1. What is the distance in Å between the Cα centres of the stretch B:365-410 and the stretch A:186-259?
2. Write down the percent of antiparallel bridges among all DSSP beta bridges whose residues are both part of the stretch B:48-151, to the nearest 5.
3. Where in the stretch A:256-272 is the amide nitrogen less than 19 Å from a point lying 7 Å along the Cα-to-Cβ axis of residue A:233?
4. Quick check on chain A: of the DSSP beta bridges with both residues there, what percent are antiparallel, nearest 5%?
5. Once the Cα atoms of helix A:91-101 and of chain A are each reduced to a long axis, what angle between those two axes, in degrees from 0 to 90 to the nearest 10, is obtained?
6. Separation between the residue B:342 and residue A:255 pseudo-spin-labels, each 7 Å from Cα along Cα→Cβ, expressed in nm?
7. Would you mind checking the pairs A:12/B:219; A:69/B:431; A:88/A:172; A:43/B:227; A:177/A:207; A:210/A:300 and listing those with alpha carbons more than 23 angstrom apart?
8. Give the shape of the stretch A:3-221 as rounded, prolate or oblate, defined through the alpha-carbon gyration tensor: a ≥ b ≥ c are the square roots of its eigenvalues, a/c under 1.5 means rounded, and otherwise the shape is prolate if a/b is larger than b/c and oblate if not.
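Quick note: the coordinates plus some simple rules give every number you see, no bench work behind them. Treat the numbers as computed from the prediction; the structure is a model and nothing was measured. Note that we place each Cβ from the backbone using ideal geometry, even for glycine, and neighbour counts take in every protein chain shown.
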Amino acid sequence: MNTLLHAENITKEYTNHRALSNVSMHVPEQSIFGLLGPNGAGKTTLIRIINQIIGPDRGKVFLDNERLKPKHVRQIGYLPEERGLYKKMKLGEQAIYLAQLKGLKAGDAKIMLKKWFEKFDLMPWWNKKVEELSKGMAQKVQFIITVLHKPRLLIFDEPFSGFDPINVNLLKEEILKLRDDGATIIFSTHNMGSVEELCDHIALINKSEKILEGTVSRIKKDHARRIYETELINLQKPLDNILDQRFRVVKTKTHDGLLNARIKIIDDSSTNELIQLLLPEAGLVSFKEITPSMNDIFIKQVTGKFPAEQNANSNNNPSDIVSVQ
Amino acid sequence: MSKTATIIKREFLSRIRKKSFLVMTILGPILMAAIIIIPVVVAQLSDSDYAVAIVDESNFFYDRFQDTESTTFTPVNVSIDDAIDLMHDGRFDAVLHIPDVAFESPSTLRLFSDKSINFNVKLLIENILKHEFESLKLKAAGIDAEILSAIETPINIQAFRIKNDGELITDYPEISMGLGFVAGFLIYIFIFLFGSQVLRGVLEEKTSRIVEIIVSSVKPFQLMMGKVIGVGMVGLTQFLIWVVLTFTIVSIFTLAAPDLFRFTPDDQVYVSSTQILNAEEMRQQQEVIQQHDSFAGQLIEGLGAVNYPVMILSFIFYFLGGYLLYAGFFAAIGSAVDNEADTQQFMMPVTIPLLLSIIMVNMVVQNPTGPVAFWMSIIPLTSPVIMMVRIPFGVPYAEIALSAALLILGFIATIWLSGRIYRTGILMYGKKVSYGELWKWIRHP
């Protein structure tokens, strides 16, 4: 896949601390790229450098193999995490103004805006001042302003904060559609659920350094811990008596006569060998690998160890997390 | 349209459309016209039909008071208490009490009134009594009053300013002072008014967090300059509307009530000083001089002599120059803080030169060519106010050129400095900024 955005050895220092040290990153074209990291890791600094709001001390950024220049502003759309609008200005007028600053002509901007406003049910608010809008409505307008000029690269910083679940879904659909239409999306968030759901690639930044980058599936594979979940019925003797020292039972749970067990393969034995031990002693209802969630991987990478076992898979369902927000 | 132009347009239109702008624009000229017209009207009206009762217990002076156009004197043969009662009844506006010991001790003279006493009337009475007292004393000393009158020479110097080409122009120092005061204060008020609009605008963008969206499209410097220029244009527009409206209102008033603006030097009759003056003539002369000196007469005469194009052009230059010099600072302050309360610590050093200018205005009008006036009108931080105070008195072109050049260099420097603070400041949140920090922002590439 073609690389749309390429950051090379970016270093940025502030007077009292180093925000980025030697960060390189490849964002493939037409991907949704998750930019992850704990608070204060340097994500916002990197995003600001890509947006040419600030310059790096060292390093280069390329967009489509061309050194980043002021003219590229037109090709980038940015939705900051902390975002606002002029409270006293009318919505439509304000949207046209911000589109003009991106380089659109007022007339064109108006036509395009009206389409988006229809789609998001915002038309009745066109002549209203922003202070009369709810927070969710203002967020929708900001999203529209970000994507209006059809940028090749979209940067969303925590785009779902402040949205109700219905609008989160609306937004997700729009983001996926933008990707399908050819846009490349950098997506910065703490919400690992939406990362698993949306992102193809991720980069993880911690303490100003990039510590992980790759496709989501590859990273998950790399972090596989060889833990398998199996449901057994009619168990003849205790599980510990069935298994030998190559295997360890991590967790068991019984309900409706089924034993639900998680078993870790400690050495490099195959799953076949595990199943062969189980089959004579019980009825095998299901067997599957437990892949670590992005949440676990994030915590593992940042803190050095996986979260406690009982929490390991509590975040398995991404949509649950989103609706909690 | 360039992006900076788009920003200027928004900053300009959003302010022009506000109700407060409309109110200020209409009220401003009405107030200014009122400042010009009301004193003229009041000076005229208050002089009319002022009735003074004279209780002369010495019997020397009661027949010496001649009525004037605006003042009537009535000797009353009653006690002072009764005369005051008559005044309370509304028969008189004031009562002059001349006790019988007045000649020996003039400090016993009293003038009573229900209201505050008309200054011109008091002056008139004092002049008449002074003349009469002197005549009596001269007579007592055996000197002929008429000889003395012949010696006395009324002096009313006409001031001229000689221009480089030798042309004489009549000088009106009082008018220059007045205009200097007004122009200096206006510059001061305009800089503060529109400078703080810049500050609030920057702060609004920062606290509403729209700034990060905007600076992803335009350079922070473009955003800052767009705001500074847009607000400056609002100020200029307001000033020009004020000038036009004030002139219109004053001219309409002049046409509608020409009587009020009747005095011109030609109308005045000076009694030749070579003639021997009797008391009556003295009094007339006094009155004429008084009228000439009166606020209204001077105002009309002097205002007619003002070089308005020079005043207005230099006002526009020093307003814009001074505004640009300070607007950068105001923008930088707005960018460095998180809320209006925190602006105070940084406002101090910015307001000190402006306040100093205003404090020194009085000294400058007293001595408009002195060293204080000269230096303060050359140094860019104080020159907008002080130079405007000096200009009505006439300033050599070389000094204006030097002051103007330094002001231009000055605002380029402050805008540059402010731009460096601004671009860092607008993205900083939740941190109390110190001067040391600001200095780091300026130095950091």
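1. Spelled out, the Cα-based centre of one part sits 78 Å from the other.
2. Working: 4 of 14 bridges.
Counting only bridges with both partners in the stretch B:48-151, antiparallel ones make up about 30 percent.
3. Hits in the stretch A:256-272 for residue A:233 at 19 Å: A:256-262.
4. Details: 43 of 60 bridges.
Roughly 70 percent of the beta bridges in chain A run antiparallel, per DSSP.
5. Computed tilt is about 90 degrees.
6. 5.1
7. On the way: A:12/B:219 19 Å; A:69/B:431 31 Å; A:88/A:172 30 Å; A:43/B:227 30 Å; A:177/A:207 33 Å; A:210/A:300 14 Å.
Cα-Cα > 23 Å for A:69/B:431; A:88/A:172; A:43/B:227; A:177/A:207; rest within.
8. Numbers: a/c = 1.77, a/b = 1.54, b/c = 1.15.
Note, shape of the stretch A:3-221 comes out prolate.
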